[in-house]
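The values are calculated or read from the model by the stated rules, or taken from the named source; none is laboratory data. Given the structure is predicted, the values throughout are model-derived calculations rather than measurements. Note that each Cβ is placed from the backbone with ideal geometry, even for glycine, and that neighbours are counted across all protein chains shown. To get the accessible areas, we keep the full protein, side chains included, count just its heavy atoms, and leave off ligands, DNA and RNA. Shrake-Rupley method; radii C 1.70, N 1.55, O 1.52, S 1.80 Å.
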Amino acid sequence: MKKGIRRLSAAISFVFIMLFTAGCSDKFLVLDPKGSIGQQQLDLMIISTILCLVIIVPVLVLTFVIVWRYRQRPDRKAKYQPEWEHSTKLETIWWSVPIIIIVILAAITVRYTYALEPSKPIEHEAKPIVIQVTSLDWKWLFQYPEQGIATVNYVQFPEDVPVRFELTSDAPMNSFWIPQLGGQVYTMSGMAMTLHLIADEPGTYFGSGANFSGKDFAKMRFEAKATSQEEFDKWVSDIKGSSPALTMDGYKQLAKPGLSENVTYSAIPEGLFQQIVNKYQKSGSGHHHGSSGEAAGHEHGNAPDAAGTNQAATDQEHQMDHMNH
Amino acid sequence: MWDSIKKFASEFFVTGDPLIYGADVSIGLTMIAVVAALTYFKKWNWLWTEWLTTVDHKKIGIMYIIASILMLFRGGVDALLMRTQLAVPNMDFLSPEHYNAIFTTHGVIMILFMAMPFMFGLFNLVVPLQIGARDVAFPFLNSLSFWLFFMGAMLFNISFVIGGSPDAGWLSYPPLSEKMFSSGVGQDFYIWGIQISGIGSLMTGINFIVTILKMRAPGMKLMKMPMFSWSVLSSCITIILAFPILTITLALLFIDRYLGAHFFTLDGGGNPMMYINLIWMWGHPEVYIIVLPAFGVFSEIVATFSRKRLFGYKSMVFALMSISAFSFFTWAHHFFTMGSGADVNAFFALTTMAIAIPTGVKVFNWLFTMFRGKISFETPMLWAIAFIPCFVVGGMTGVLLSVAPADFQFHNSYFLIAHFHQVIIGGVVFGFFAGLYYWWPKVFGFTLNEKIGKWAFWFWNAGFYICFMPQYVLGLMGMTRRVNTYGWDTGWWELNFVSTIGAFLMGIGFLFQIWQILHSIKFMQKAPADPWNGRTLEWSIPSPAPMYNFATIPHVEERDAWWEEKQRRAQGEAPKPLPPLEPIHMPKNSGIPIIKSAFWFAAGFGLVFNWLWLAIPGFIGIALSMLAHSFNYDTDYYIPVDEIERTEAAAKGDAR
C-alpha cells in the first residue's frame, strides 16, 4: 500500500519535473498572449481557475484527511457512527457553496461572453484591416481585398491594428486558430464567420487548423506575422511587384486536395471570396454570422447546386453586387 | 475470372499495411483455434444451449462484460498505436490515413462498444439481484439487445480488415463524412455498426426502466432502493430520450450517402451544422448515460467498505435525476466556436456550469459516507478512492471549458482531450472496474487475487496521470487534437514522449488485470455468499447466484435490507421463518435473438457494400424472425420445488 503511494508520488513528481523543464522555453502559447483578445481570455482562464480551486483544494485535502483518519486499523481511536446518514446543516453547506461559486463564475462568464464575442469589432482608433480566410484541403488561402493580394499558408498584418478575419471554407470545415492572439473560430462552407483579433507587438505567431478535416489535416499550419505598418506596406508592394496573379483557374488548381508551399499572389479575381461563400448556397438562404450587411447581395446568390461545380462567368455580375454591399 | 476475383479481393480486403496483414493472420488463427477447440471438446451444444440462446440476465451480463473487455483490448491497442506515432516528432510509424482511421475507431469503440456494454453488463449482473427479482422484465428482449449490440460491434470491427475503417472522427462530422469526401465503405460500416447496436441500447433502456419500476421485491419502495439501481434508472431514462436522436441522425446521414439527399451536405441546401447539433443532443447525454451508473457503483462501494450508511441518500437521488435532466440542455458547449452568437453561448455556458453543482454535491456525500466510517482498502474501494481526486480535477477542467470565451482557446486542443479522458477514465472506467471487482465473487463464485489486482490498480493510476497530465499542458502549447505528426520546432515532443510512457503503463495495468483473472481461475478460491460484508440483497443469496436468484422472494422494510437483517441476527433475533418453497416460473431459452441479429448483420453488411442481394434477404429474415417469435407460445416453464431444494442445499454445502 505505502509502496504504491510512494511509487505514485514519484511518478507525479517526475511529470512535474518534465513540465518544468519544458516550461523553460516560451512554448506555452495560450499562456503567453500577444494581443488584447488573447490577454482577456487568459485573464478569464485565471479567474475561473482560482474560483474552481477555492472549492477543489479543500475537497482534495478533505479526501486525504478522511481516508487517512477513518481507515480501519487495530489501535484506531476515531469515532465510528454506522447509522449517521443525514445532516441538514452539512447538506445545506455543500449545496450552497458550489451554487455560490457557480453563480459568481456565471456572472463573469456572461459578461466576458458578450465582451469577447468574436464578431464584435475591437474598439481601437485604427481602422481594421480585412483578411479573408478560406480553408482548403489542406492549406489556407488568405485574401486581402483592400490590398488586392493573396497568400497561402502565411498571413501578415500590421501590429496594433485590429484585424477582421472573415472565415469560410471550400472543403470540410476547419477551425482557424492563432493561440497567441486569441481563440479560434470555425471555417464553414456556405457562410462567412467573423473573428476580430489584434497583435499588440510585432512577432511571428504559430497558427493552425484546429478541426480535423481529413488526410493531411496535420499539415494545415501557417505563420501569422505582425509587423510595423511600414514593413507591412513594403511587403504588400513587394508582392505586387514580383508575384504572379491568382486567376480563377489558379484558384481551382489550388483548391484541389493536396499540400502547398507558402505562395503569394499580386492580384485576386474579383469577388472570389463571396463566390466561394455563395457556391454552396441555395438562393436567399445565406448564413452570414455576425458580418455586416448581409441583406441585399444574397438574393442574387443563386449558385449552381451541383457539388464542386464552379461558378460560371455568368455569375460574375452577382459577385460584383456582393462586393458592393 | 481469376483476375476479377483478384480485383474484387484487393478492394474488399484492406491491403498494403503490414500491421493489418498481421491482424488478418492472428484473427484467422484465433478463429480456427476456437472452432477446433469447440469441436474437439464437443462443446458446440453446450455453447448453444448454455450461452448463445440464454435469456438468463446473469449469463447475458457475463457475455456483455467479456465483449467489452475484448473491445477494451482493441480500443487500447488503437490508443497505443496512436501514442507510438506521437511519441517523437516526424514519426513515420502510421500513415495519415491509417492514423485517422485509428483515432476514429478508438473513440467509437471505447464509448459505444466498450463503455456501453460494460455498463449493460453491470446492469444485468446486478439490478435484478439488488431489487430482489428473478430476472429482468423482458428476458427475451434482453437477449435480443445483447445480440444486436454484439452484431453491431462486429460489423463495425471487421471494417479494419474488410473494406476499410471509417476515418472521419468518432462523431463523423459532415461534410467530411459525406460521400463527397469519404467515398469508401468505412463510413457505412460506422453508420450500420452503430445503428444496429443502438437499437439494442434503446431496448435495454426500456427493459431496465420496467424492471426497476415493476419488479422490486415487496416492500422496496423507490426511496428504499439501493443507489446503484437508482443510477441505472436515471441512466436508462436518459437512454430512451437520447438514443432515438442518434438513430434519426445517422439515418439521415445514411440517406444522404445512399440516396443522395442533402440533409447535411455542403451543396443543395444541406446544413452540416444541423448534424452537429443533433449528434451532440445525443452525444452529451451519452456521457452522462455512462457516468451515472459509475456514480451508483461508487455509492455502493463507498458505503460497504466504510461499513456505514450512504450519506445523504435523498440528495444523491435528487442529484442523479437532476443530472440526467440537465444533460439534455448543454449540448451546444461542444461548439461554442461555431458562431452561434453571445446569447446562445451564454445560455449553454450557464447550463453546463449548473450541472457541476449536483455532481459536486455527490462528491461531498461520498466523502461524508467515509467520514466516521471504518474504511478498508480492498481493490473495489481502491478504485473508488482513486476516482474521487481524479474526477474532481477532471470536473474542474470541465468547468474551465464551460467558460465560453475561454473555451475559444481550449477547444479542439489537447487540453480538451485530457479533460474528457480524465472524466471518462477516472469516472467511467474506474467506476466500472470497481463495480466488476466488487460484484465478481457474486457473479462467478470465486474471488480474485487481491495482490495482482493492486498491481493493476497502481499501474493504471500512475499510467493515467503520466499519460494525461502532460496533455493539458500540450493543449496550452497549441497542440490540436487529431494531428498525426508534428515537427521538432513545436517544442511538443518531450511531453508527448512522457504521455506515451503513461499510455503504455496503463497497457501494463490491463495485462495485470488479465493475469489476475487467469491466475484466480487457476487457483480457484470459492467465494462466500457475502465476501465484503455487504448491505444490499444480492449478498443475501449464494455465490454464484442460482439460476432463479431468490428461492423465496425477500420482503424489504428498509434501505440496506441485508445489512439491517445481519444487525438483527447479531443481536440474537431469529431470522424470520421463510415461506414454503413454491415452483418458480422461468423464461425459456430462445435461439431467435441471435438468429435475428445475424440477419441484421447480413442486412447491414449488404447495405454497406450496396449488395441488395444480401440486404433484402437480411431484412426478410428479420421480419420472419419476428413473426416466428410472435407465434411461439412455448416460452416459459416451472422449476419444481425439489430441484430448488437440491440447488439451495448444494450452495449451502459449498459455502461452508
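When segment B:554-574 is limited to residues that are more than 28 Å from B:Trp230 (Cα to Cα) and assigned to a loop (DSSP other than H, G, I, E, B), the one that is most open to solvent (accessible area, probe 1.4 Å) turns out to be B:Gln571. For B:Asp92, are the conditions met, namely being surrounded by fewer than 24 Cβ atoms within 10 Å (Cβ to Cβ) and in contact with a strand residue (DSSP E or B) (Cβ under 7 Å, 6 or more places away or on another chain)? Judged against the criteria, B:Asp92 is not a match. Just one of the listed residues (B:Ala561, B:Ala503, B:Ala545) is touching a residue at least 60 places away in the same chain (Cβ under 8 Å) and within 30 Å of A:Leu29 (Cβ to Cβ), and it is B:Ala503. Residues in segment B:188-232 that are within 17 Å of the chain's Cα centre (by Cα), over 19 Å from B:Gly283 (Cβ atoms) and open to solvent by less than 10 Å² (accessible area, probe 1.4 Å): B:Asn207, B:Phe208, B:Phe228, B:Ser229, B:Ser231, B:Val232. In the condition set (1) within 19 Å of the chain's Cα centre (by Cα); (2) within 30 Å of B:Tyr548 (Cα to Cα); (3) of a type in the set (A, V, I, L, M, F, W, C), B:Phe103 is compliant with all but (2).
Okay, residues lined up against (1) crowded, with 22+ Cβ neighbours inside 10 Å; (2) within 29 Å of B:Gly431 (Cβ to Cβ):
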site	(1), (2)
B:Phe123	yes, yes
B:Gln130	yes, yes
B:Val161	no, no
B:Asp167	yes, no
B:Ser183	no, no
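Give the number of residues within segment B:254-275 that are in contact with a helix residue (DSSP H, G or I) (Cβ under 6 Å, 6 or more places away or on another chain) and assigned to a helix (DSSP H, G or I). So the answer is 1.
Okay, residues lined up against (1) under 27 Å from B:Thr485 (Cβ atoms); (2) in a loop (DSSP other than H, G, I, E, B):
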{"site": "A:Tyr186", "(1), (2)": "yes, no"}
{"site": "A:Thr194", "(1), (2)": "no, no"}
{"site": "A:Asp200", "(1), (2)": "no, yes"}
{"site": "A:Thr204", "(1), (2)": "yes, no"}
{"site": "A:Phe212", "(1), (2)": "yes, yes"}
{"site": "A:Ala218", "(1), (2)": "yes, no"}
{"site": "A:Lys225", "(1), (2)": "yes, no"}
{"site": "A:Glu230", "(1), (2)": "no, no"}
{"site": "A:Lys234", "(1), (2)": "no, no"}
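Of the residues in segment B:434-447, at least one is part of a loop (DSSP other than H, G, I, E, B) and surrounded by fewer than 23 Cβ atoms within 10 Å (Cβ to Cβ).
Segment B:1-119 holds helices (runs of 4 or more DSSP H) entirely within its bounds, and those carrying 2 or more residues that are closer than 25 Å to B:Phe149 by Cα and in contact with a Pro (Cβ under 8 Å, 6 or more places away or on another chain) map to B:57-86, B:96-108.
Of the listed requirements (1) facing chain A (nearest Cβ under 10 Å); (2) open to solvent by less than 10 Å² (accessible area, probe 1.4 Å); (3) among the small types (Gly, Ala, Ser), B:Ala462 misses just one: (2). Give segment B:603-625 a look and list any residue that's in contact with a helix residue (DSSP H, G or I) (Cβ under 7 Å, 6 or more places away or on another chain) and either open to solvent by 80 Å² or more (accessible area, probe 1.4 Å) or under 30 Å from B:Lys442 (Cα atoms) (or both), or say none. Within segment B:603-625, B:Leu612, B:Phe619 meet the criteria. Checked against (1) within 14 Å of chain B (Cβ to nearest Cβ); (2) more than 24 Å from the chain's Cα centre (by Cα); (3) at pLDDT 50 or above; (4) surrounded by 13 or more Cβ atoms within 10 Å (Cβ to Cβ), A:Met248 passes all but condition (1). If you check A:Val65 against the conditions, is it hydrophobic (A, V, I, L, M, F, W, C), more than 7 Å from every other protein chain (Cβ to nearest Cβ) and in a helix (DSSP H, G or I)? Judged against the criteria, A:Val65 is a match. Taken over segment B:516-553, the criterion of being surrounded by 15 or more Cβ atoms within 10 Å (Cβ to Cβ) and aliphatic (A, V, I, L, M) is satisfied by B:Ile517, B:Ala527, B:Ala529, B:Leu537, B:Ile541, B:Ala545, B:Met547, B:Ala551, B:Ile553. Figure legend. Inter-residue proximity from segment A:39-54: first residues within 7 Å of chain B (Cβ to nearest Cβ) and without any contact (Cβ under 8 Å) to a residue 60 or more places away in the chain, second residues buried (at least 18 other Cβ atoms within 10 Å of the Cβ) and not in a helix (DSSP H, G or I), beta-carbon distance below 8 Å, spacing 6+ or different chains. Indicated pairs: A:Met45/B:Val403. Of the residues making up segment B:305-361, those that are polar (S, T, N, Q), in contact (Cβ under 8 Å) with a residue 40 or more places away in the chain and under 22 Å from B:Trp282 (Cβ atoms) are B:Ser324, B:Ser327, B:Thr330, B:Thr337, B:Asn345, B:Thr352, B:Thr359.
Inside segment A:195-215, can you point out the residues that are touching a strand residue (DSSP E or B) at 6+ places or on another chain (Cβ under 9 Å) and at the interface with chain B (Cβ under 8 Å from one of its Cβ atoms)? Within segment A:195-215, A:Phe206, A:Ser208, A:Gly209, A:Ala210, A:Asn211, A:Phe212, A:Ser213 qualify.
Which of the residues belonging to segment B:465-480 are outside any helix (DSSP H, G or I) and within 7 Å of chain A (Cβ to nearest Cβ)?
Across segment B:465-480, the qualifying residues are B:Met477, B:Gly478, B:Thr480.
Against the list (1) surrounded by fewer than 24 Cβ atoms within 10 Å (Cβ to Cβ); (2) under 17 Å from A:Val30 (Cβ atoms); (3) not hydroxyl-bearing (Ser, Thr, Tyr), the condition B:Gln471 fails is (1).
Taking the listed residues B:Phe305, B:Phe329, B:Phe298, the one that is at pLDDT 95 or above, open to solvent by 30 Å² or more (accessible area, probe 1.4 Å) and of a type outside the set (A, V, I, L, M) is B:Phe329, with no other qualifying.
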